[in-house]
Every structure is written in C-alpha cells, then in structure tokens.
Amino acid sequence: MEEGRAERRRRTEAPSHTQGGPRRAGVMTDVHRRFLQLLMTHGVLEEGDVRRLQNHCYRVHDRSAAVEELEDFINNINSVLESLYIEIKKGATEDDGRPVYALVNLATTSVSKMASDFAENELDLFRKALELIIDSETGFASSTNILNLVDQLKGKKMRKKEAEQVLQKFVQNKWLIEKEGEFTLHSRAILEMEQYIRETYPDAVKICNICHSLLIQGQSCETCGIRMHLPCVAKYFQSNSEPRCPHCNDYWPHEIPEVFDPEKEREAGTSRATKRSLRSRQH
C-alpha cells in the first residue's frame, strides 16, 4: 500500500526547474485542472482574465481555500506539465504591453499543432501569411498580398473567397490579428511560435534590443537600425525628455507610446462597473 502511494506521488509531483530558477514540485488539484482546461479552450488570455479565471476555479472547487498568488499557482501547474513539454507561458501584447498567458507546446511547432484544426492548404496559407509578416518592415501583411499567393498553395485548390474566410478563421482562433485590411501575428502565435520562427527565418527574424525577444511590430533607429517593441520603447524612454538610441546614442525620431499601467486599467474597470451599477439602479 505504501509503495503504491509513493508511486502515485512520483507520477503527480514533478521535480522541476524553470528559467527563473528551481521550482518546487507541484500537485494538481481540481482547481488547477479546471483552470488548465479553461485556459486550453481560450488559447490565450490577458492577465486580468487569467486572475478572474483562477478565482472562478476556486469558487467552483475549493471555496474555503485562500487563493494562491498567480505566479505560484501557474508555477505549480508548470512543474507538473514540464514532463509533457507543455508550459503556461507569460508574454505581452506588442502594441501596448498588456500581460498575456498562453498554453504553449514546447515539443512541436505551432504550425503542426494547428493541423487538427485546419486542412493542408489552409496551413500553407498561414505559412505564406507568416512569411510575408516576418519579411515586412512593419510586421503587417496586406490581405491583397496574402490572397495573391492562393494559386501557390499545397493540397486542394482554394479560391480567393475561401481564402478570405480562412484568414478570418485564423483571426477567430487568435493566430492572427486584422487591422484595416492588414494582418499581423496575435500574441498567442508569437508566444507559441517564437522558437519556430527563429529557426525557420533566421535571416529575416527581428529581435528587440531591450528584451531580446522576437519582434514583429516595433520602432527602429534610423541611424543604426536596432529595433524595439513599442512597450519596451515606452518603458526605456518614459522619464527621458530627449530620447536617444540605446545603441548609437543618436536622437530617437519616433513618437514615444504610453506605458501600459495595470493600476489605471483596474481603476477604469472599477469606474465602468460603478457606472453600470448606478444605471441599473435607475431603471
């Protein structure tokens, strides 16, 4: 009996370590399992939604327990998942730096992971859109340029009208974002595909000079050519009245974006909720 219990503990407790250092062995409870299932269905969530999801799982499965700190909660799940080459990974949106979380498969590229949801010609359309995005200076590919490659797709032939619908499927599944007829990678795709992109497009890939992560959208120095994510630009220059390139020290010619402030976001959310409550009382 004791040997059986020890064996079960070995199966559920993964002695783990991560980029941030040693990680304690984790044990998955019903709270963790429900959280993981729901995160899988969403693909990627902003941090505020992740916290709400965590609280929901505690209310459903363990209402009396104290809610664990989010970082510890996720590290606990990751310590169990790492033997499966899966990880809940934290990143940030490239346009405004909002923290996001996605469940990432570390064992396979995301294009192959998408195979269960998309046909061969649809996957090839995604690869061609991805290549255009990576090669572009802006991090965007126009729908016209993507659709012009439809005749080159592998597998079953696809009409342009069908291709337009497939592009919208990529948007709905949070692989792409569409802005005014142009497409770029969603935060989910960047989190899940960074290693694949680095290995597949080594000569075209762009890296942020500040955080050294994959860069799709950002600003570049007109003198030395280094690139920075918009949130990294905002943080680096936030208290600098005369911004200069961190590499060559030349004047930084771009508009400095605002830094994402979670406190302001929470205050705005509280204000909106209060206004809704007041309106509901008046009716």
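Checked against (1) touching a residue at least 12 places away in the same chain (Cβ under 8 Å); (2) in contact with a strand residue (DSSP E or B) (Cβ under 9 Å, 6 or more places away or on another chain); (3) of a type in the set (S, T, N, Q), Gln168 passes all but condition (1).
Name the single residue that is modelled with the lowest pLDDT among those in the stretch 237-249 being under 23 Å from Ala92 (Cβ atoms) and surrounded by fewer than 18 Cβ atoms within 10 Å (Cβ to Cβ).
Narrowing the stretch 237-249 to residues under 23 Å from Ala92 (Cβ atoms): 237-240, 243, 245-247.
Pick out the ones that are also surrounded by fewer than 18 Cβ atoms within 10 Å (Cβ to Cβ) and you get 238-240, 243, 246-247.
Details: Gln238: 87, Ser239: 78, Asn240: 81, Pro243: 93, Pro246: 94, His247: 95.
Filtering first and then ranking leaves Ser239.
The residue of the stretch 119-134 that is farthest from the chain's Cα centre (by Cα), among those that are open to solvent by 20 Å² or more (accessible area, probe 1.4 Å) and not hydrophobic (A, V, I, L, M, F, W, C), is Glu120. When the test is whether a residue is at pLDDT 95 or above and not small (Gly, Ala, Ser), Leu132 passes it. For Glu94, are the conditions met, namely being surrounded by fewer than 19 Cβ atoms within 10 Å (Cβ to Cβ), of a type in the set (D, E, K, R) and not in a helix (DSSP H, G or I)? Against the criterion (surrounded by fewer than 19 Cβ atoms within 10 Å (Cβ to Cβ), of a type in the set (D, E, K, R) and not in a helix (DSSP H, G or I)), Glu94 does not qualify.
Count of the stretch 164-212 residues, restricted to those that are open to solvent by less than 40 Å² (accessible area, probe 1.4 Å) and in a strand (DSSP E or B), is 6.
Mind checking which residues of the stretch 3-51 are part of a helix (DSSP H, G or I), modelled with pLDDT of 50 or more, open to solvent by less than 90 Å² (accessible area, probe 1.4 Å) and hydrophobic (A, V, I, L, M, F, W, C)?
Taking the stretch 3-51 and keeping what is part of a helix (DSSP H, G or I), we get 3-12, 30-42, 47-51.
Applying the additional criterion that residues be modelled with pLDDT of 50 or more yields 30-42, 47-51.
Then keep just the ones that are open to solvent by less than 90 Å² (accessible area, probe 1.4 Å); that gives 30-32, 34-36, 38-39, 42, 47-50.
Result: Val31, Phe35, Leu36, Leu38, Leu39, Val50.
Within the stretch 66-91, which residues are among the hydrophobic types (A, V, I, L, M, F, W, C), surrounded by 13 or more Cβ atoms within 10 Å (Cβ to Cβ) and assigned to a loop (DSSP other than H, G, I, E, B)? Spell out how you get there, then give the answer.
Applying the first criterion (among the hydrophobic types (A, V, I, L, M, F, W, C)) to the stretch 66-91 yields 66-67, 70, 73-74, 77, 80-81, 84, 86, 88.
Imposing the further condition that a residue be surrounded by 13 or more Cβ atoms within 10 Å (Cβ to Cβ) reduces the set to 67, 70, 73-74, 77, 80-81, 86, 88.
Result: Val67, single match.
Anything in the stretch 250-283 that is open to solvent by less than 100 Å² (accessible area, probe 1.4 Å) and at pLDDT 85 or above? List them, or say none. Hits for the stretch 250-283 are Asp250, Trp252, Pro253, His254, Ile256, Pro257. Taking residues in the stretch 149-160 that are within 14 Å of Leu123 (Cβ to Cβ), and partners anywhere that are modelled with pLDDT of 95 or more and among the small types (Gly, Ala, Ser), the pairs with Cβ atoms closer than 8 Å and at least 6 places apart or on different chains are Val150/Ala163.
Of all residues in the stretch 213-228 being part of a loop (DSSP other than H, G, I, E, B) and open to solvent by less than 20 Å² (accessible area, probe 1.4 Å), which is farthest from Arg198 (Cα to Cα)? Spell out the reasoning first.
Let us first name the residues in the stretch 213-228 that are part of a loop (DSSP other than H, G, I, E, B), namely 213, 216-218, 221-226.
So of that shortlist, the ones also open to solvent by less than 20 Å² (accessible area, probe 1.4 Å) come out as 216, 221.
Details: Ile216: 12, Cys221: 22 Å.
The selected residue is Cys221.
Please go through the stretch 198-216 and give me each residue that is under 14 Å from the mean Cα position of the chain (by Cα) and within 14 Å of Gly139 (Cα to Cα), ordered by number. Residues satisfying the conditions are Leu214, Leu215, Ile216.
If a residue has to be over 19 Å from Val100 (Cα atoms) and polar (S, T, N, Q) to count, how many in the stretch 50-75 make the cut? Before the answer, list the steps.
The initial filter retains those residues of the stretch 50-75 that are over 19 Å from Val100 (Cα atoms), namely 58-67.
After this cut, where a residue has to be polar (S, T, N, Q) as well, the list is 64.
Within the stretch 50-75, residues that are over 19 Å from Val100 (Cα atoms) and polar (S, T, N, Q) number 1.
The values are calculated or read from the model by the stated rules, or taken from the named source; none is laboratory data. Owing to the predicted nature of the structure, the values given are computational and were not obtained by experimental measurement. FYI the Cβ positions are ideal-geometry reconstructions off the backbone, even for glycines, and counts take in every protein chain you see. The accessibility values were calculated without ligands, DNA or RNA, using every heavy atom of the protein model including side chains. Shrake-Rupley method; radii C 1.70, N 1.55, O 1.52, S 1.80 Å.
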